[in-house]
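Below is one structure, written out as structure tokens, with a few remarks after it.
The values are calculated or read from the model by the stated rules, or taken from the named source; none is laboratory data. Owing to the predicted nature of the structure, the values given are computational and were not obtained by experimental measurement. Neighbour counts are summed over all protein chains in view; Cβ atoms, including those assigned to glycine, are modelled from backbone coordinates with ideal geometry.
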């Protein structure tokens, strides 16, 4: 018979970064939701129901969820293709994600884009664009507007290790640093820029060192340690909010799938993948909160059951939704009745 250790007040007080027991369960929910939703998407992809590519975050869910969890209502976050967890934390719904990947007529972009290239400024996320690095200057501009209006809002932007070698990353980071903008730049050091090992595209061993060139703080943390990522991000967000400027956070993690679902990963050594499986962020978080008495198995099982129910309903409601009417492709391209012409399109005589 298993013996359940009695949880003391000291145990609960020792939860890192001021997190509560309820928040730990919230984080666990988003971790399980992220991984389970991606499994559903893989099944749909193999059935030919996902339009375009599928980019999984297996092994990286912890850093996405933990970093976004440090933001608050009113902040703006710009994800990359492997930050589904961040979007879910901000309020994106599984039905939106499923419809988007399947290019349904009721998807956020009405079937015009795939994967997570969509926005909700009300919820606080600004979908990425495909040229990597370009969202760094975009988010620098957004956070400049926060500063100019005196708003205590923070921006967060994700960039991959390969993206830190682009001119856009340099220009955006330099602007943010010089203007002391309330921006947190999260570098996902997952080992590969598509199929190129990090060592083959940059000479630094730790990408946080690049912060020195801009005169801003650079922090490197274990990206598979949810608590470490949350603590570092919480501090960087607090610094930004009180006017302390931009911080770079490097989360050292590993992409346990190929660049996309169609990638056979032949360039990734099998023993390397196996080793990182033993450092799984979801398993580590679950083991920690159970061993420390911060959660019980019944609560975690209930979360798994909740996620299973929610995704079953979401898939059922989306799978048979119609694709867009071909004629709808013209909508929003040419001027329609009631459209307001932008200033750059108006003639001097009106």
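I'd like to know if the range 255-269 contains one or more residues that are in contact with a helix residue (DSSP H, G or I) (Cβ under 7 Å, 6 or more places away or on another chain) and under 15 Å from residue 158 (Cα atoms). Among the residues of the range 255-269, not one is in contact with a helix residue (DSSP H, G or I) (Cβ under 7 Å, 6 or more places away or on another chain) and under 15 Å from residue 158 (Cα atoms), which makes the answer no.
A count restricted to the range 290-309 and to residues that are closer than 16 Å to residue 14 by Cα and within 23 Å of the chain's Cα centre (by Cα) stands at 0. Each residue in the range 175-200 was checked for being out of contact with any helix residue (DSSP H, G or I) (no Cβ under 6 Å at 6 or more places or on another chain), over 22 Å from residue 57 (Cβ atoms) and part of a helix (DSSP H, G or I), and 3 of them qualify.
Remark: residue 181 falls outside the filter, which requires a residue to be under 16 Å from residue 77 (Cβ atoms), in contact (Cβ under 8 Å) with a residue 40 or more places away in the chain and surrounded by fewer than 18 Cβ atoms within 10 Å (Cβ to Cβ). Which one of 303, 273, 289 is more than 20 Å from residue 57 (Cβ to Cβ) and not in a loop (DSSP other than H, G, I, E, B)? Result: 289 is the single residue among 303, 273, 289 that is more than 20 Å from residue 57 (Cβ to Cβ) and not in a loop (DSSP other than H, G, I, E, B).
What about residue 138, is it over 22 Å from residue 265 (Cα atoms), assigned to a helix (DSSP H, G or I) and within 17 Å of the chain's Cα centre (by Cα)? Steps first, answer last, please.
Numbers: over 22 Å from residue 265 (Cα atoms): yes; assigned to a helix (DSSP H, G or I): yes; within 17 Å of the chain's Cα centre (by Cα): yes.
Considered against the rule, which asks whether it is over 22 Å from residue 265 (Cα atoms), assigned to a helix (DSSP H, G or I) and within 17 Å of the chain's Cα centre (by Cα), residue 138 comes out as yes.
Go over the candidates 213, 232 one by one and state the one that is without any contact (Cβ under 8 Å) to a residue 40 or more places away in the chain and within 30 Å of residue 32 (Cβ to Cβ).
Testing whether each residue is without any contact (Cβ under 8 Å) to a residue 40 or more places away in the chain and within 30 Å of residue 32 (Cβ to Cβ) leaves just 232.
For residue 129, the conditions (1) in contact (Cβ under 8 Å) with a residue 24 or more places away in the chain; (2) assigned to a loop (DSSP other than H, G, I, E, B) are fulfilled apart from (1).
From the list 213, 228, 240, the lone residue that is at pLDDT 95 or above and surrounded by fewer than 18 Cβ atoms within 10 Å (Cβ to Cβ) is 213. Looking across 124, 150, one residue alone is at positive phi and in contact with a helix residue (DSSP H, G or I) (Cβ under 6 Å, 6 or more places away or on another chain). It is 124. Residue pairs whose Cβ atoms lie under 8 Å apart, sitting 6 or more positions apart in sequence or on different chains, and linking a residue in the range 279-293 that is without any contact (Cβ under 8 Å) to a residue 12 or more places away in the chain to a partner that is part of a helix (DSSP H, G or I), are 290/297; 290/300. For the range 99-126, residues that are assigned to a loop (DSSP other than H, G, I, E, B), touching a strand residue (DSSP E or B) at 6+ places or on another chain (Cβ under 7 Å) and surrounded by 22 or more Cβ atoms within 10 Å (Cβ to Cβ) total 1.
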